[in-house]
1. Among 146, 218, which is in contact (Cβ under 8 Å) with a residue 40 or more places away in the chain and not in a loop (DSSP other than H, G, I, E, B)?
2. Considering only residues that are assigned to a loop (DSSP other than H, G, I, E, B) and surrounded by fewer than 24 Cβ atoms within 10 Å (Cβ to Cβ), which ones fall in segment 315-332?
3. Could you grab me the full set of residues in segment 149-167 that are part of a helix (DSSP H, G or I) and either within 23 Å of residue 29 (Cα to Cα) or touching a strand residue (DSSP E or B) at 6+ places or on another chain (Cβ under 7 Å) (or both)?
4. Mind listing just one residue for me: the one in segment 200-209 that is in contact with a strand residue (DSSP E or B) (Cβ under 9 Å, 6 or more places away or on another chain) and either free of Cβ contacts under 8 Å to residues at least 12 places away in the same chain or surrounded by 20 or more Cβ atoms within 10 Å (Cβ to Cβ) (or both) and, of those, farthest from residue 415 (Cα to Cα)?
5. Collect the residues in segment 442-469 that are assigned to a loop (DSSP other than H, G, I, E, B) and modelled with pLDDT of 85 or more, keeping them in residue-number order.
6. Name the single residue that is nearest to residue 303 (Cα to Cα) among those in segment 334-351 being in contact with a helix residue (DSSP H, G or I) (Cβ under 9 Å, 6 or more places away or on another chain) and in a loop (DSSP other than H, G, I, E, B).
7. Please work out if residue 315 is under 24 Å from the mean Cα position of the chain (by Cα) and at positive phi.
8. What are the residues in segment 73-84 that are in contact (Cβ under 8 Å) with a residue 24 or more places away in the chain and within 22 Å of residue 12 (Cα to Cα), if any?
C-alpha cells in the first residue's frame, strides 16, 4: 500500500484541466504522471482537452487502466473529453455532477482566461490550484489577474516560483507557493547497458546499420522558438572542424516533424546546406512516433541531447535525457537552468531572486558536470497584445558548435560518466525530477491548501488606493 493511501470513498476529488492525459503532449504527460502518482490519495476527474476531440461528449472511465498502471486497485479517474479545454457550461455541469473539491490547472494561463473569469463563482465553493510555468522575464504584470484568481500557485521552475511571488507582491500573502518541477517515470527513462540487445537493434535501425562514432539528439516540436535552424547550423559548423572521414561517422538526429506551420521546412534547410565545407548530409530526420520504451532507446543511442530554445519554460527533453543517463547541451534560459544546477556565491543551488532574476547573463558559471551550457549572446524584448513584453534569449550557433566539439572531444567513458552523474542528481531528493517525487510534492501542497483554505467572500471591496502602478520590481541589468 502506497504511503499516504486513503480509501476511495474518503478521498477528495480534483478536477484537472489540461490536454487529454492519454495523448503525447508535454502537459498531457505531466498530467498523466500527476494522476498516476497521486491516485492513491485523491480521486480525479479531467476535462480532457483536444483541438477537435473525437470522443467529445462521451464520458470515459479509465479507472481500471489507471489501477493497472499505478498499482492502486481502487483508483478513480473519469475523463470528460472536450474541444479546447472546455467552457463555462461544461465546467459547471461537471462540477455539479462530480461534486468536485478543487480545480487543478496545467498550461498557459491564456487558455484558462474563461476559468479565471469565473473565479468569483468557483472560489466561493472550492479552491483553484495552478501548476504553472512562465518562459522568461521581465516578470509579467499582465498575468496578475490570473495569479490572483488562484489559491495555490505551484511553479514548475524556480524562475516561475519567483515570478509568481514578484507579480503578486503583498496580494500573495494568503496564497500557497510551491516549487514543483516536472517529474517523469524513471522506470521508463533509465540508463541501459551498452550491450543491451534491444538497444543494439534500435541503433541499427536508427543509423541504417552504418558505423556511427558520435551523435546528438534534438527531440522536441518543430516550432520557431526551439531554434532548429540554429541547431543545424551549429552542427554543420562543428562538422566542418573535423576531417570528412570523422564527420561522416557523426549524426545529428532530429526527432520532430520535418515541416510545420509553426516552425520551418527542415528539408529545405538541409538541401541548402548539403555539402557545406565538403561534408555530406549526416543529419537524420526521425518523424516516427515511438512508444515510451523506444524513446528511452533513442536517448541511450546518442552521446548528448541538445536544446537551444530562445524561450523555454522547462524543456522535458532535457529531463528525459538526464534520467536516461545522457548529458545535455542547452541554452541558459527559463526552466532549463534548473536542470543545469548552477551554484551561487554561497555554494548553493542558485535560486532566482530580484537581484539576479535569471542566470541567462552568466552571473554564475559553476554547474553540474552533466551539462554543457550555451550562454545567450543577445537578449531581445518582444511582445504581443496578450503578452506585451517578454525576453527572448538567443545563443549563437558558433557557441553551440563549440559545446558540441567539447562533448565530442571527451571519451565515450567520460560522456557516460557525465550522463550518469546527471541521472543521479535528477533522481535525488534535491532535484526530484521523477514522477514519484513530483506526486509527493503535489500531495504535500494540495493537502496544505485543503487544511488552510477558506471560501472566497461574496464580495471584495477595493479602494482606488488598492491598485498599484504596474512597474518593474526586479533588476534588468545584473
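1. 218
2. Keep residues of segment 315-332 that are assigned to a loop (DSSP other than H, G, I, E, B), which gives 315, 324-327, 332.
The one that is assigned to a loop (DSSP other than H, G, I, E, B) and surrounded by fewer than 24 Cβ atoms within 10 Å (Cβ to Cβ): 332.
3. Of all residues in segment 149-167, those part of a helix (DSSP H, G or I) come to 158-167.
158, 159, 160, 161, 164, 165, listed by residue number.
4. Initially, segment 200-209 is screened for residues in contact with a strand residue (DSSP E or B) (Cβ under 9 Å, 6 or more places away or on another chain), giving 206-208.
Now restrict to residues that are either free of Cβ contacts under 8 Å to residues at least 12 places away in the same chain or surrounded by 20 or more Cβ atoms within 10 Å (Cβ to Cβ) (or both): 206, 208.
On the way: 206: 20, 208: 23 Å.
Only one residue fits best here, namely 208.
5. First, pick out the residues of segment 442-469 that are assigned to a loop (DSSP other than H, G, I, E, B): 453-463, 467-469.
453, 454, 455 - these are the residues of segment 442-469 that are assigned to a loop (DSSP other than H, G, I, E, B) and modelled with pLDDT of 85 or more.
6. Among those that are in contact with a helix residue (DSSP H, G or I) (Cβ under 9 Å, 6 or more places away or on another chain) and in a loop (DSSP other than H, G, I, E, B), it is 341.
7. Working: under 24 Å from the mean Cα position of the chain (by Cα): yes; at positive phi: yes.
In short, yes.
8. So the first thing to find is which residues in segment 73-84 are in contact (Cβ under 8 Å) with a residue 24 or more places away in the chain, and the list is 74-84.
Of everything in segment 73-84, those that are in contact (Cβ under 8 Å) with a residue 24 or more places away in the chain and within 22 Å of residue 12 (Cα to Cα) turn out to be 74, 75, 76, 77, 78, 79, 80, 81.
The values are calculated or read from the model by the stated rules, or taken from the named source; none is laboratory data. Bear in mind that the values here come from a model prediction, so they are computed numbers and not experimental data. Positions of Cβ are generated from backbone atoms using ideal geometry, with glycine treated the same way; all protein chains shown enter the neighbour counts.
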